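The values are calculated or read from the model by the stated rules, or taken from the named source; none is laboratory data. All values derive from a computational prediction rather than experimental measurement. Counting neighbours? That spans all protein chains shown, and the Cβs are built from the backbone with ideal geometry, glycine included. With ligands, DNA and RNA removed, areas are computed over all heavy atoms of the protein, side chains included. Shrake-Rupley method; radii C 1.70, N 1.55, O 1.52, S 1.80 Å.
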Amino acid sequence: MATSISAVRTPRLVLAAERWAERHWRPALLATALALGLATRLFFNRHAPLWFDETFTGVIAGQHDANGLWNWLRAELTGPLFYAPMWLWARIAGISDVALRLPSLILSLAAPAMILWRGHPDRDLRLFWAAATLLWLPAPILSSDARPYSLLAFQATAQGIAFVAAMRRTTTSRMLIWTTITTAMGLTHYWALLIGLVQGSIVVGTRPRRALATWPALAPFAVLIAWMAVHLPFVLRFTGGYVGSSYTIPWSSIVSLPGVLAGTPVFAGIGVAAMLWTLVERLRRGRSGFGGSLSLDPSPEAWLGISGVVAVLLFFVIGVYRPGFAPRYLLPSCPALLFGIAVWARWALRFNAPAVAAAFLAMIVGAVGLVGSSFGTQEADQRHSFNLERPSEWLMQRPVRELVFVWSDPDAERSDTGRMAQVARFFFDRAGRRVAVRQIIVPAHIDANGYVLGRAGHAAGTAILWVANTPHLGDAPRNPDFARDARWDCRDFGNGLAVSTACRLR
């Protein structure tokens, strides 16, 4: 009798659990994503110093007048649509580490908020896209970085929404919204134009007559072209020697691309496995395509996901053949990829909910792990090890009259010494400490130590600040070693990952 009662109760319990899950899984997923998305962004890297590139943001945001801002805008690789608002923001909030990073945090949270508000008419697509954006592991890195990447992610999210709308009904007004956003992305960072090129080609290629009829929507590009006429000559001169790197990406590294995009290979593998699982199951049942049957005309939603994949592959090919390409240039394509995950999840939910649950559970576990690691002792990373803040703070423990600045990367030879002096003394200026800067540029392929020691001198109040992203250039060491001169007291802040060394006279 007990067995019979148990047999009756078990299906009822199962059915009750299924009904509860069907009724509450959406708010549960959204609440979990919101909580973890907020926690990862608030706690990750909260104590990290400004890394080298963030110091440029601080210098430009801290310019005393519009003329100083304009001079910097014409001689910096990142576009004016990031630096000009940061300059205005600094007039209100100042140039502390928190103030410089706060806009990135706000924009990192604004992107999923925009998705939930107007991301798509379909509720499940909005939910999955917002959840994936909140749980995406690289997002906390972007939100704690005083650089343009959170802005680019926000812009690219808005671009994706506008692209789907324009694909659904290709009108001049809808295309104008898309071209305006794409122009803004180009004015933020030129690499962001590649995803725009892919999406524009899709619109023209799939709807040629309607697209050509919307030609007045190209008007915003005139602003971008005008800016490029002023700015692009500097960029081409500076990047002619391939900024920051002399190596290319090997073709074999394409297998690690999902891990780079997801933030970790483990959870990328789980997500890819879940997608393959649903595809194999659907094909085994004799059906394919995201609508239940094979379609030669993808939906606008599918085209957005495709645009992200194509742009990422194009970026990878560029990295194979062009030295100096950085993985962060993939960022403008990632919102389209995250939307592609949402399209897959909505499609797979109809016949394989466990696969969808597994993919999002992997993202949740990754976010929980990131929150947990934020409260422990975080391992040093290469970017924040390449910094001026920690060595400058150590040097300021004693009076400094002259700061000998050594940036022994190849980029230093193409940089303006006057502007680099502002970068070198940024933390001194912020602390109200006056210091003169003398930059020493180390020629390539020579022993940097002897060269710097021979020119630094030993006048009272002299200090050395030596940084490099590339410890070696060919066979010549670029990192400091002052053991040969006992008069210098040196400390390494680079954690073995970069050169960030400060020296003062004993």
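Among the residues of the range 122-143, write down those that are under 22 Å from residue 265 (Cβ atoms) and either surrounded by fewer than 24 Cβ atoms within 10 Å (Cβ to Cβ) or out of contact with any Leu (no Cβ under 7 Å at 6 or more places or on another chain) (or both). Hits for the range 122-143 are 137, 138, 139, 141, 142.
Could you tell me which residue of the range 441-470 is nearest to residue 382 (Cα to Cα), considering only residues that are open to solvent by less than 20 Å² (accessible area, probe 1.4 Å) and modelled with pLDDT under 90? Selected residue: 468. Just checking, how many residues over the range 395-415 are open to solvent by 10 Å² or more (accessible area, probe 1.4 Å) and of a type in the set (Gly, Ala, Ser)? Qualifying residue count, the range 395-415: 1.
Yes or no, residue by residue, for (1) open to solvent by 30 Å² or more (accessible area, probe 1.4 Å); (2) of a type outside the set (A, V, I, L, M, F, W, C); (3) modelled with pLDDT of 95 or more:
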{"residue": "4", "(1), (2), (3)": "yes, yes, no"}
{"residue": "9", "(1), (2), (3)": "yes, yes, no"}
{"residue": "55", "(1), (2), (3)": "no, yes, yes"}
{"residue": "68", "(1), (2), (3)": "no, yes, yes"}
{"residue": "80", "(1), (2), (3)": "no, yes, yes"}
{"residue": "89", "(1), (2), (3)": "yes, no, yes"}
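Residues in the range 128-139 that are assigned to a helix (DSSP H, G or I) and over 9 Å from the mean Cα position of the chain (by Cα): 128, 129, 130, 131, 132, 133, 134, 135. Being closer than 24 Å to residue 145 by Cβ and not in a helix (DSSP H, G or I) narrows it down to one of 351, 325, 339, so name that one. Answer to the check: 325. Of the residues making up the range 94-106, none is open to solvent by less than 30 Å² (accessible area, probe 1.4 Å), closer than 19 Å to residue 192 by Cβ and not in a helix (DSSP H, G or I). Does residue 110 meet the test of being open to solvent by 10 Å² or more (accessible area, probe 1.4 Å) and within 17 Å of the chain's Cα centre (by Cα)? It is true that residue 110 is open to solvent by 10 Å² or more (accessible area, probe 1.4 Å) and within 17 Å of the chain's Cα centre (by Cα).
Exactly one residue out of 125, 109, 142, 116 is within 30 Å of residue 349 (Cβ to Cβ), at pLDDT below 95 and part of a helix (DSSP H, G or I), and it is 142.
Count of the range 320-336 residues, restricted to those that are surrounded by fewer than 22 Cβ atoms within 10 Å (Cβ to Cβ) and within 21 Å of residue 153 (Cα to Cα), is 4. Candidates in the range 23-48 are the residues that are of a type in the set (Lys, Arg) and in a helix (DSSP H, G or I); of these, the one that is farthest from the chain's Cα centre (by Cα) is 23. Applying the set (1) open to solvent by 20 Å² or more (accessible area, probe 1.4 Å); (2) modelled with pLDDT of 95 or more to residue 76 leaves exactly one unmet item: (2). Of the residues making up the range 378-433, those that are in contact with a helix residue (DSSP H, G or I) (Cβ under 9 Å, 6 or more places away or on another chain) and of a type in the set (S, T, N, Q) are 387, 392, 408, 415, 422.
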